[in-house]
Amino acid sequence: MRKNNLKIKDKEIQYFLRRSSRAKNIRLTVNQKGQLIATLPWIARKKTLENFIFKKSSWIFKKINEVKNMKPGLLDRGDRKDYFKNKQRAYDLVKEKLEKYNRFYNFSYRKIYIRNQKTRWGSCSSMGNLNFNWRIVLLDEVYADYLIVHELCHLKQLNHSKKFWALVQRTIPRYKILRKEMKDI
Ligand SMILES: [Zn+2]
């Protein structure tokens, strides 16, 4: 990947350029190190990309700031060894809780994956797979429950809309407080 610099107003944005023959559109992502990665279709011009970055600059600065200000917490704990040591335990815990809450919701999901990520507790894919961070075993049970229900409800609503939170609330009435507290974990 080539490193590039772009001046926007008084700020400078550094980005890494990746050309892809499969990409149909320009894609911008900010990785865990706070670096901006731009994926560009093979034939697109660099000027087009720079205009795009310019248009998205407030989003980019916000994203980079978020990554840089992430507080060290539970998500920073443990390493690969701990991941392999706790993976099965995390899987069993997730499976048990999913089954318990899904007796209420009755949604259908495909696979459960236990991951070793530093930035997120869980996610739900559009394919219906559920991903959880192995560190869920380190959480107090109330937070683990909230996390499970959160991802479970994404099966129905793949967003954070009012409808989504209404679903969460049906089994986790205190979700607002828990969500706020989780950010400080
Ligand atoms: Zn969510």
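If I take every Cα pair under 8 Å that is 6 or more residues apart in the chain, average their sequence separation and divide by the length, what percent do I get for the relative contact order?
Rounded, it is 14 percent for the chain.
Picking from 21, 126, 108, which is most flexible by a Gaussian network model of the chain using Cα springs under 10 Å?
Judging by the Gaussian network model, the answer is 21.
Among the trypsin sites (Lys or Arg not before Pro) within region 86-161, which fall in a DSSP loop and have no more than 14 other Cβ atoms within 10 Å of their own Cβ?
Those that pass, being in a loop and sparsely packed, are 110, 111, 118, 120, 156.
Take the Cα atoms of region 74-183, build their convex hull, and give its volume per residue in Å³.
94 Å³
Average the reciprocal distances over every distinct pair of alpha-carbons in the chain, invert the result, and give the Kirkwood radius in Å.
For the chain, inverting the mean 1/r across all distinct Cα pairs yields 18.7 Å.
Find the Cα radius of gyration of region 27-108, compare it with 2.2 N^0.38 Å by division, and give the number to two decimals.
Here the answer is 1.70, to two decimals.
Under the rule of -39500 (n - 2.57) per DSSP H run of 4 or more residues, summed and divided by the residues of the chain, what mean residue ellipticity at 222 nm is obtained, to the nearest 500 deg cm²/dmol? Please report the intermediate quantities before stating the final value.
Numbers: 6 runs with 81 residues, N = 185.
Computed mean residue ellipticity for the chain: -14000 deg cm²/dmol.
Which loop-located chymotrypsin sites (Phe, Trp or Tyr not before Pro) does region 28-122 contain, where loop means any DSSP state but H, G, I, E or B and the Cβ has at most 11 other Cβ atoms within 10 Å?
Sparse-neighbourhood loop chymotrypsin sites (Phe, Trp or Tyr not before Pro): 42.
Mind checking which aspartates and glutamates have their C-alpha under 17 Å from residue 85, skipping anything on the same chain fewer than 8 residues away?
Output for residue 85: 76.
Over region 2-68, what is the percentage of antiparallel beta bridges among all DSSP beta bridges, to the nearest 5?
Percent antiparallel among DSSP bridges in region 2-68 is about 65.
In whole angstrom, note down how far apart the Cα centers of region 5-50 and region 60-103 are.
A separation of 28 Å, based on Cα centres.
Only the coordinates and a few stated rules stand behind these numbers; no lab work does. Predicted model, so just to flag it, every value in this text is computed and none were measured. All Cβ positions, glycine included, derive from the backbone under ideal geometry; neighbour counts span all protein chains shown.
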